[in-house]
1. Filter the range 375-411 down to the residues that are free of Cβ contacts under 8 Å to residues at least 24 places away in the same chain and outside any helix (DSSP H, G or I) and list them by number.
2. Can you give me the number of residues within the range 301-315 that are within 24 Å of the chain's Cα centre (by Cα), assigned to a loop (DSSP other than H, G, I, E, B), surrounded by 14 or more Cβ atoms within 10 Å (Cβ to Cβ) and touching a residue at least 12 places away in the same chain (Cβ under 8 Å)?
3. Report yes if some residue within the range 59-81 is touching a strand residue (DSSP E or B) at 6+ places or on another chain (Cβ under 6 Å), in a loop (DSSP other than H, G, I, E, B), crowded, with 19+ Cβ neighbours inside 10 Å and at pLDDT 95 or above; otherwise report no.
4. Looking for whichever is more than 20 Å from residue 206 (Cβ to Cβ), modelled with pLDDT of 95 or more and out of contact with any helix residue (DSSP H, G or I) (no Cβ under 9 Å at 6 or more places or on another chain) here; the options are 126, 155. Which one fits?
5. Scanning for something surrounded by fewer than 22 Cβ atoms within 10 Å (Cβ to Cβ), out of contact with any helix residue (DSSP H, G or I) (no Cβ under 8 Å at 6 or more places or on another chain) and under 24 Å from residue 293 (Cβ atoms), does the range 12-23 turn up at least one residue?
6. Among the residues of the range 334-343, are any under 27 Å from the mean Cα position of the chain (by Cα), surrounded by fewer than 13 Cβ atoms within 10 Å (Cβ to Cβ) and not assigned by TED's automatic domain parsing to the domain that holds residue 79?
7. If the requirement is being within 30 Å of residue 403 (Cβ to Cβ), in contact with a strand residue (DSSP E or B) (Cβ under 6 Å, 6 or more places away or on another chain) and not in a helix (DSSP H, G or I), which of these qualifies: 120, 105?
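The values are calculated or read from the model by the stated rules, or taken from the named source; none is laboratory data. The model shown is predicted, which means the values in this text are computed figures rather than measured ones. Here the Cβ positions follow ideal geometry from the backbone for every residue, glycine too, while neighbour counts run over all protein chains shown.
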């Protein structure tokens, strides 16, 4: 579906973090727009969200790890608390969702290192809700049923939730929230259908379609009104930059000899905005791998015995770690003779997802396991010790963070 390989996208970014180096973030859509903004020192924005419907576990942490890194290199951070979606799909009241968000997620975000930013509740942000309603004009029921699997028995609040999410992603480009700028949404790969849905909606509200066309940049007017005026605008942009171009009024198109589409697309979007339209830039996205549950299945708040929660005590975490699935052999003798399979080991995965910071140390553990020189018991002991240090430190920071939460919350 067009997700591109991320392996060569991060190498020229400042201080690449472990989730880039270790392939945890593996794919992207249009990340080049973000890199260009970073390189040129231009504004760009992160939009992410949290679902306040359960305890925060290590699988949730990988998202905020990314957000904290992006914040450190200049991103404007906006975080949506999906309380409307929790109400529509998980059976929580707005009040219950607010309590979970503040106590279980936002406090941990601050403790993990998030600096003051814009955190808001969907139910309290009228701009998001209004935008969601207006965006919905460019989609139909058949489309959302096909994407999300809705049926005739799905409640209407649930059906409207994807438009609220699209409002979340695109509202950060409104003038009141920072204006038109590249927008990055870091998600798990299961969220790609929604990213594509949002990109389609953003495109549907554009007056122009800008794409590569036979080695040139093709600018096509999508509407039937004021075509000549809109082509004049595109022609003026081409002339301003000194680009050669060919205009074809019959096809409502201008073909421009330019190196890339981003600059032209951005300037046309600004012109659309001057004309009273939205002119959204399609959001960029990155995709990360999910951390595995301790039994080898998905880590989930609904399976507490196989998830490590950020609010677990060291003793609770230790018991879970010692029960975790590994890549070792059935006996120590066989393990030392044949070696283990760290790529199948949940403990090694915990190391990979940040429990061990140093790549060389991680590589040494991998090699020792493969050779049978390091046993599962040794790895579980190390993981328990590292997790204990992490959880004790996080608890102290979380307690201190509770006094700071008001600095982060926005209407």
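1. The one that is free of Cβ contacts under 8 Å to residues at least 24 places away in the same chain and outside any helix (DSSP H, G or I): 403.
2. Count: 5.
3. yes
4. 126
5. yes
6. Yes: one or more hits.
7. Sole residue among the options that is within 30 Å of residue 403 (Cβ to Cβ), in contact with a strand residue (DSSP E or B) (Cβ under 6 Å, 6 or more places away or on another chain) and not in a helix (DSSP H, G or I): 120.
Each row is one residue, and each column tells you yes or no for (1) modelled with pLDDT under 95; (2) in contact with a strand residue (DSSP E or B) (Cβ under 8 Å, 6 or more places away or on another chain).
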{"position": "267", "(1), (2)": "no, no"}
{"position": "274", "(1), (2)": "no, no"}
{"position": "283", "(1), (2)": "no, yes"}
{"position": "291", "(1), (2)": "no, no"}
{"position": "320", "(1), (2)": "no, no"}
{"position": "328", "(1), (2)": "yes, no"}
